[in-house]
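Asks: This structure is in structure tokens; I'll ask about it shortly.
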């Protein structure tokens, strides 16, 4: 069965395909089908935005579709930037570094033990017959006072994982991908697919 990924990210394609392949699902990018769908993320949660993207692609193709939505939630900021992580501080902040600096500025004066945060990822798989699976994963951490590390992207240089003793940007892709919010969401999706196929 062919499943369409509501993304143009080949890294996500490889990660999710590794899970779906064992259920006889072949994952393809929406761009591989000539689709250029840019969904307006009007939802108020990761779950809603993930489903909006998956449904738009499913309706356009008539095929099952999968999408994810993710972001950083900082407790002392009331969960911000949250679903707005990719556009935090807009319109003034246009680059990853702008958004990272905006976050650090908003945390100025906050003590290290109060800088608790988590990355969240929600993956939604929808079928034309109305079935839906929603998998949520998270990774707990703290926001550092300054960037550390050269790997990763977005907020990775300031997201410190105590159990690993370093930031996402310091641990390298393989190590990060083993413990990340997306990895945890994928494990949950795998468990849901197992239940679906029992």
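The values are calculated or read from the model by the stated rules, or taken from the named source; none is laboratory data. Because the structure is predicted, anything quoted here is derived from the model rather than measured. Using ideal geometry, Cβ is built from the backbone for each residue, glycine included, and neighbour counts are taken over all protein chains shown.
Asks: Here are 108, 118: which of them is closer than 20 Å to residue 43 by Cβ and either modelled with pLDDT under 95 or not in a helix (DSSP H, G or I) (or both)? It would help to see each step written out before you state the result.
Replies: Values: 108 fails: closer than 20 Å to residue 43 by Cβ.
The match here is 118.
Asks: Let me ask another. Hey, any hits in the range 148-156 for a residue that's surrounded by 14 or more Cβ atoms within 10 Å (Cβ to Cβ), touching a strand residue (DSSP E or B) at 6+ places or on another chain (Cβ under 8 Å) and assigned to a helix (DSSP H, G or I)?
Replies: Yes, some residue in the range 148-156 is surrounded by 14 or more Cβ atoms within 10 Å (Cβ to Cβ), touching a strand residue (DSSP E or B) at 6+ places or on another chain (Cβ under 8 Å) and assigned to a helix (DSSP H, G or I).
Asks: Only one of 135, 183, 178 is within 15 Å of residue 70 (Cβ to Cβ) and part of a helix (DSSP H, G or I); which? Steps first, answer last, please.
Replies: Working: 135 fails: part of a helix (DSSP H, G or I); 178 fails: within 15 Å of residue 70 (Cβ to Cβ).
Residue meeting the stated conditions: 183.
Asks: Has the range 62-78 got any residue that is within 13 Å of residue 122 (Cα to Cα), within 18 Å of the chain's Cα centre (by Cα), free of Cβ contacts under 8 Å to residues at least 24 places away in the same chain and surrounded by 14 or more Cβ atoms within 10 Å (Cβ to Cβ)?
Replies: no
Asks: Looking at the structure I just gave you, is residue 115 crowded, with 18+ Cβ neighbours inside 10 Å, in contact with a strand residue (DSSP E or B) (Cβ under 8 Å, 6 or more places away or on another chain) and without any contact (Cβ under 8 Å) to a residue 60 or more places away in the chain?
Replies: Details: crowded, with 18+ Cβ neighbours inside 10 Å: yes; in contact with a strand residue (DSSP E or B) (Cβ under 8 Å, 6 or more places away or on another chain): yes; without any contact (Cβ under 8 Å) to a residue 60 or more places away in the chain: yes.
Answer is yes for this residue.
Asks: What is the residue count in the range 167-188 for residues that are touching a residue at least 12 places away in the same chain (Cβ under 8 Å) and farther than 21 Å from residue 85 by Cβ? Quick ask: steps written out before the conclusion?
Replies: Applying the first criterion (touching a residue at least 12 places away in the same chain (Cβ under 8 Å)) to the range 167-188 yields 167-173, 176-177, 179-188.
From what is left, the residues that are farther than 21 Å from residue 85 by Cβ are 172, 187.
So the count comes out to 2.
Asks: Continuing with the same structure: Taking the conditions exactly as written (more than 28 Å from residue 42 (Cβ to Cβ) and either surrounded by 17 or more Cβ atoms within 10 Å (Cβ to Cβ) or free of Cβ contacts under 8 Å to residues at least 12 places away in the same chain (or both)), does residue 164 satisfy them or not? Break it down stepwise before answering.
Replies: On the way: more than 28 Å from residue 42 (Cβ to Cβ): yes; either surrounded by 17 or more Cβ atoms within 10 Å (Cβ to Cβ) or free of Cβ contacts under 8 Å to residues at least 12 places away in the same chain (or both): no.
Considered against the rule, which asks whether it is more than 28 Å from residue 42 (Cβ to Cβ) and either surrounded by 17 or more Cβ atoms within 10 Å (Cβ to Cβ) or free of Cβ contacts under 8 Å to residues at least 12 places away in the same chain (or both), residue 164 comes out as no.
Asks: Here are some residues: 47, 26. Which one is touching a residue at least 60 places away in the same chain (Cβ under 8 Å) and closer than 24 Å to residue 194 by Cα? Explain how you work it out, then say what you get.
Replies: Details: 26 fails: touching a residue at least 60 places away in the same chain (Cβ under 8 Å).
Selected residue: 47, the only one of 47, 26 that is touching a residue at least 60 places away in the same chain (Cβ under 8 Å) and closer than 24 Å to residue 194 by Cα.
Asks: Could you check the range 146-198 and list, in sequence order, the residues that are on the phi > 0 side of the Ramachandran plot and in contact with a helix residue (DSSP H, G or I) (Cβ under 9 Å, 6 or more places away or on another chain)?
Replies: Keep residues of the range 146-198 that are on the phi > 0 side of the Ramachandran plot, which gives 149, 152, 154, 165, 172.
Matches in the range 146-198: 149, 152, 154.
Asks: Here are some residues: 59, 44, 15. Which one is within 17 Å of residue 136 (Cα to Cα) and surrounded by fewer than 16 Cβ atoms within 10 Å (Cβ to Cβ)?
Replies: Working: 59 fails: within 17 Å of residue 136 (Cα to Cα); 15 fails: surrounded by fewer than 16 Cβ atoms within 10 Å (Cβ to Cβ).
Every option except 44 fails the conditions.
Asks: Quick check on the range 11-34: of everything there that is in contact with a strand residue (DSSP E or B) (Cβ under 7 Å, 6 or more places away or on another chain) and in a helix (DSSP H, G or I), which residue is modelled with the highest pLDDT?
Replies: Narrowing the range 11-34 to residues in contact with a strand residue (DSSP E or B) (Cβ under 7 Å, 6 or more places away or on another chain): 12-13, 16-17, 20, 25-30, 33.
In the following step, the residues that additionally are in a helix (DSSP H, G or I) were identified as 12-13, 16-17, 20, 30, 33.
Working: 12: 82, 13: 86, 16: 87, 17: 88, 20: 87, 30: 91, 33: 87.
For the range 11-34, the residue satisfying everything is 30.
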